[in-house]
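> Provided herewith is a single structure, encoded as structure tokens, for subsequent inquiry.
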Amino acid sequence: MNKLLTIALMTISSSLFSQDQVAKEILDKVKAKTESYKNITIDFDFIFENISQNITDTQKGVLILEGDNFRLEMEGQIIINNGETQWVYLKDMNEVQVMEHDPEDEMMSPNKLFMIYEAGYKYSYIGTENNGNKSLYIIDLFPEESGTFMKISLKIDTKKNQLENIKIFDKNGGTYSYKTNTFTTNSSELTPFRFNLSDYPNVEIIDLR
């Protein structure tokens, strides 16, 4: 009986290790593919849901990445970061907050999303699913330390090795989904990664540096 239990545990352990290894190989390909691009422009839908509180909010956004630089535009705000300075513009207040770039702030560094699995997370390959004419890998990330989020679920195009969908689960029953609509690479015409004051008349500047 003990031998059977030992064999069963070894089989389960081997299966879990295999799933982890498959997940890492897929994520490594996504990271390598991402780093091969000069820049990336992603048009996406952001959806926040909390079923227990009957909340659903959908917004459209655009994320532009180039090295350590990024520009994130959504309905209520614009965030620009050039690797040294970060500007957060709040549209309804016509206010821009200026602060130093914090390389350790993962929540404010979208480019780190493609390598988030490298530290602080366990990951597991769940399987594949079809979405229209696309086949998608499903990989779940679990934080090693307790925090705000319980799980991050990634869906990755099996042919292009590109992120298609990110879904973040918090401890209060909320989910934050980012669904890619278009994924464009190596654009030769990008808006400079800097907040241009002349584009925002009478903007209030709050310097937090």
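The values are calculated or read from the model by the stated rules, or taken from the named source; none is laboratory data. Since the model is a prediction, treat every value here as computed from it, not as a measurement. We place every Cβ from the backbone using ideal geometry, glycine too, and count neighbours over all the protein chains shown. The protein model used for the area step is the full one, side chains on, heavy atoms only, and it has no ligands, DNA or RNA in it. Shrake-Rupley method; radii C 1.70, N 1.55, O 1.52, S 1.80 Å.
> Does segment 55-73 contain at least one residue that is among the β-branched types (Val, Ile, Thr), modelled with pLDDT under 90 and open to solvent by 30 Å² or more (accessible area, probe 1.4 Å)?
So the first thing to find is which residues in segment 55-73 are among the β-branched types (Val, Ile, Thr), and the list is 55-56, 58, 62, 64.
From what is left, the residues that are modelled with pLDDT under 90 are 55.
From what's left, open to solvent by 30 Å² or more (accessible area, probe 1.4 Å): 55.
Scanning segment 55-73, I find at least one residue that is among the β-branched types (Val, Ile, Thr), modelled with pLDDT under 90 and open to solvent by 30 Å² or more (accessible area, probe 1.4 Å), so the answer is yes.
> I would also like to ask the following. Mind checking which residues of segment 22-38 are of a type in the set (Val, Ile, Thr) and closer than 14 Å to ASP140 by Cα? Walk me through it before giving the result.
The initial filter retains those residues of segment 22-38 that are of a type in the set (Val, Ile, Thr), namely 22, 26, 30, 34.
Those that are of a type in the set (Val, Ile, Thr) and closer than 14 Å to ASP140 by Cα: VAL22, ILE26.
> Which members of segment 144-161 meet the condition of being among the acidic types (Asp, Glu), in a loop (DSSP other than H, G, I, E, B) and at pLDDT 90 or above? Spell out the reasoning first.
Step one: filter segment 144-161 for residues among the acidic types (Asp, Glu), giving 144-145, 157.
Then drop every residue that is not in a loop (DSSP other than H, G, I, E, B), which leaves 144-145.
Once the filter is applied, which keeps residues that are among the acidic types (Asp, Glu), in a loop (DSSP other than H, G, I, E, B) and at pLDDT 90 or above, segment 144-161 yields nothing.
> Any residue that is modelled with pLDDT of 90 or more and within 13 Å of the chain's Cα centre (by Cα) - is there at least one of those in segment 122-131?
Scanning segment 122-131, I find no residue that is modelled with pLDDT of 90 or more and within 13 Å of the chain's Cα centre (by Cα), so the answer is no.
> Within segment 166-208, take every residue that is charged (D, E, K, R) and more than 28 Å from ASN39 (Cα to Cα) and give me the one that is surrounded by the fewest Cβ atoms within 10 Å (Cβ to Cβ).
Top of the filtered list is ASP207.
> Restricting the search to segment 30-45, which residues are out of contact with any Ser or Thr (no Cβ under 7 Å at 6 or more places or on another chain) and either open to solvent by 40 Å² or more (accessible area, probe 1.4 Å) or assigned to a strand (DSSP E or B) (or both)?
Selection gives LYS31, ALA32, LYS33, GLU35, SER36, LYS38.
> I would also like to ask the following. Kindly list the number of the only condition in (1) open to solvent by less than 50 Å² (accessible area, probe 1.4 Å); (2) over 20 Å from ILE139 (Cβ atoms); (3) at pLDDT 90 or above that fails for ALA8.
Going through (1) open to solvent by less than 50 Å² (accessible area, probe 1.4 Å); (2) over 20 Å from ILE139 (Cβ atoms); (3) at pLDDT 90 or above one by one, ALA8 breaks only (3).
Okay, residues lined up against (1) hydrophobic (A, V, I, L, M, F, W, C); (2) part of a loop (DSSP other than H, G, I, E, B):
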{"site": "GLU164", "(1), (2)": "no, no"}
{"site": "PHE183", "(1), (2)": "yes, no"}
{"site": "SER188", "(1), (2)": "no, yes"}
{"site": "PHE193", "(1), (2)": "yes, yes"}
